[in-house]
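The values are calculated or read from the model by the stated rules, or taken from the named source; none is laboratory data. Please read these numbers as outputs of a predicted model, since none were measured by experiment. All Cβ positions, glycine included, derive from the backbone under ideal geometry; neighbour counts span all protein chains shown. These accessible areas exclude ligands, DNA and RNA; they are computed on the full protein's heavy atoms, side chains included. Shrake-Rupley method; radii C 1.70, N 1.55, O 1.52, S 1.80 Å.
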Amino acid sequence: MQNKVLRGEGFNPWHNLAVEELLVESHEGGCTLYLWQNKNTVVIGKHQNAWRECRAELLEKEGGFLARRMSGGGAVYHDIGNLNFTFVAEKEVYDVKRQLGVILEAVKSFGIEAAFSGRNDLVTRDGEKFSGNAFRVTRKTAMHHGTILIDTDMGMLSRYLAPSKEKMAAKGVESVRSRVTNLKDLAPHITIPAIADAIEEAFIKQYGG
């Protein structure tokens, strides 16, 4: 059983999601943490209709990427101000609370108070979301992945994502937008490399490897 941390080197979502799927299909035991980033991308859930969840034609016209992940959940926007993480583990080791503990420990090392909301999100003390999570379980392996908003362009997020009519009616566009925040707004000194290093350190502390 081997625990390990892998870091992606490129920003192409089709490549990164293919690597993620390969890690699930070829997993040999223990827990693997994969840290990766996409550039100017909308990623939709396994069962979502892209044309209902995002402005696909605008995204394509402006050189963005559209990709489908292997888990469920809603559409998300990725840019290089966002860090993605993936935990892949055999079922005997898989523990969402423990895995999110790694992320929370890293975030708290920058002086940010945060917690798991119970709705697959990580939120600040004020209840603002900075990380959404989704899951997939196969016969032998389980996968848990999520985002961490560090310095994402919120204007582009709003430009490409199209909230459902039901969500807009229930909460309004402004309240939907106000639910998310960048960690850089709370800790100006935070950077992608720094949070990636902190996550790796927290993972090794928790799992070894």
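Could you sort out which of LYS61/LYS129; LYS46/LYS140; LYS46/LYS97; LYS4/LYS46 sit more than 25 Å apart by Cα distance in this structure?
LYS61/LYS129; LYS4/LYS46
Can you tell me, using C-alpha contacts under 8 Å and at least 6 residues apart, the relative contact order of the stretch 1-134 as a whole percent?
23 percent
In Å², what does the accessible area per residue of the stretch 1-119 work out to with a 1.4 Å probe?
Ligands and nucleic acids excluded, the figure is 51 Å² per residue.
Just the number, please: carbon plus sulfur as a percent of the accessible area of the chain, 1.4 Å probe, no ligands or DNA/RNA counted.
Carbon and sulfur together cover 51 percent of it.
Determine the gain in length on full extension of the stretch ALA50-THR138; use 0.36 nm per residue of separation and subtract their C-alpha separation, reporting nm with one decimal.
This chain segment gains 29.2 nm when fully extended.
Would you calculate a helix-derived [θ] at 222 nm for the chain, using -39,500 (n - 2.57) for each DSSP H run of n ≥ 4 and dividing by the full residue count, to the nearest 500?
-10500 deg cm²/dmol
First measure r as the distance between the Cβ atoms of SER158 and ASP126, then evaluate 1/(1 + (r/R0)^6) with R0 = 25 Å and state the FRET efficiency to the nearest 0.05.
Efficiency for this residue pair is about 0.80.
What is the sum of charges around GLU200, taking Lys and Arg as +1, Asp and Glu as -1, for the other residues whose C-beta is under 12 Å from the C-beta of GLU200?
Net local charge, GLU200 excluded: 0.
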